[in-house]
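Computed from the coordinates by the stated procedures, all read-outs in this text should not be read as laboratory data. The structure presented is a predicted model; accordingly, all values stated were derived computationally and were not measured. Note that each Cβ is placed from the backbone with ideal geometry, even for glycine, and that neighbours are counted across all protein chains shown.
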Ligand SMILES: Nc1ncnc2c1ncn2[C@@H]1O[C@H](COP(=O)(O)OP(=O)(O)OP(=O)(O)O)[C@@H](O)[C@H]1O
Ligand SMILES: [Mg+2]
C-alpha cells in the first residue's frame, strides 16, 4: 500500500459499470477517511444510487477497485461487504414492520453478544428504549428512522452508506435525521451519504462530490463547495 493511501477508510478507484452493457458510471474516484462525513450530490439521474449499488455489491457489472481499510472488497458479495464493515440504510423498507423494536435489533446478522450490543446502541436512541416491545409498524416516521439507524449500528460498522436518508420524511424530521448522521463519527462510524438536500448535507460534511452524468465533476472540502457560486447555481438548488 502506498503512503498516499494511508488514512483512507474507503477508497473507490476508477469505478465504472451499469445494469447492462451500457456504463452508467464512468470512472469515479472517491475517498472517505475514518471519522469523516462525505456527501455525494448531483442532479436526478446522475448515477448517485448506481454508485452506491456498485459500492455495496448490488450492481450487476462493475469495474475498478474498492478498498475498505486497505483491503480490496471489489470481488466480495454484498453479504461479505456487510461483514467487512459496510453498513447500508435503505431509503424505504429499512425495518421489519411486523417485528417489535427489540426483535428488529436482535435479528441483525453477524453480531456477537447481541443483547450487550443492543444496550450499547440504545444509549443514543432513548426514544426506542421506551418502545422496545412495540411493533415497528406503530412507530412514527422519525422513530422508524431511528430504528433503521440503530439496526445499522448493531454490527459496529466502519462506515454507513445512506442513500437520501431525508427524502421520504416530513420536513419537520429532516433536521433530526441530519443530527443522527452528525453523531455517527463519534460512534466510530464514518458516513457516505447521497443527499438531494445538498446544502444541508454539506454543512455537516467534511468533503463533497458532485456527480453529473455518471462522472464526478467537482469534489473538495465541503465548506469550499458551499461557498462556490457557480456550484451553488448549478447543483445546490433551493434546499
Ligand atoms: N435498475 C436499473 N436498470 C437500468 N437502468 C437504471 C436502473 N436504475 C437506474 N438506472 C439508470 O441509471 C441512471 C442513473 O440512475 P440513478 O438512480 O443512479 O441516479 P440518481 O443520481 O440516484 O438519481 P436520483 O437523484 O433521481 O435518485 C439513470 O439513467 C437511470 O435511468
Ligand atoms: Mg438515487
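Within the range 72-197, what percent of beta bridges assigned by DSSP are antiparallel, to the nearest 5?
Restricted to the range 72-197, the bridges split so that about 10 percent are antiparallel.
Provide the percentage of antiparallel DSSP beta bridges, counting only those with both residues in the range 137-218; round to the nearest 5. Before the final figure, lay out the partial values.
Values: 3 of 8 bridges.
Looking only at bridges with both residues in the range 137-218, the antiparallel portion is about 40 percent.
Hey, what angle do you get for helix 141-153 against the long axis of the chain, alpha-carbon based, 0 to 90 degrees rounded to 10?
In the chain, helix 141-153 runs at an angle near 80 degrees to the longest axis.
Using packing as a proxy for protection, rank 156-166, 68-78 so that the peptide with the highest average count of other Cβ atoms within 10 Å comes first.
The densest-packed peptide leads the list: 156-166, 68-78.
For the range 75-148 and the range 217-231, what is the separation of their C-alpha centers, rounded to whole Å?
34
Run lengths n ≥ 4 of DSSP H only: what is the helix-derived mean residue ellipticity at 222 nm for the chain, with -39500 (n - 2.57) per run over all residues, to the nearest 500? Before the final figure, lay out each step's value.
Numbers: 9 runs with 72 residues, N = 239.
Dividing the helical sum by the residues of the chain leaves -8000 deg cm²/dmol.
Sequence gap at least 6, Cα distance under 8 Å: using those rules, report the relative contact order of the chain to the nearest whole percent.
This gives 27 percent for the chain.
So for the chain: antiparallel DSSP bridges make up what percent, rounded to the nearest 5?
On the way: 23 of 41 bridges.
Expressed as a percentage, antiparallel bridges in the chain total about 55.
Can you give the relative contact order of the range 8-139 as a percent, counting alpha carbon pairs under 8 Å and 6+ residues apart?
22
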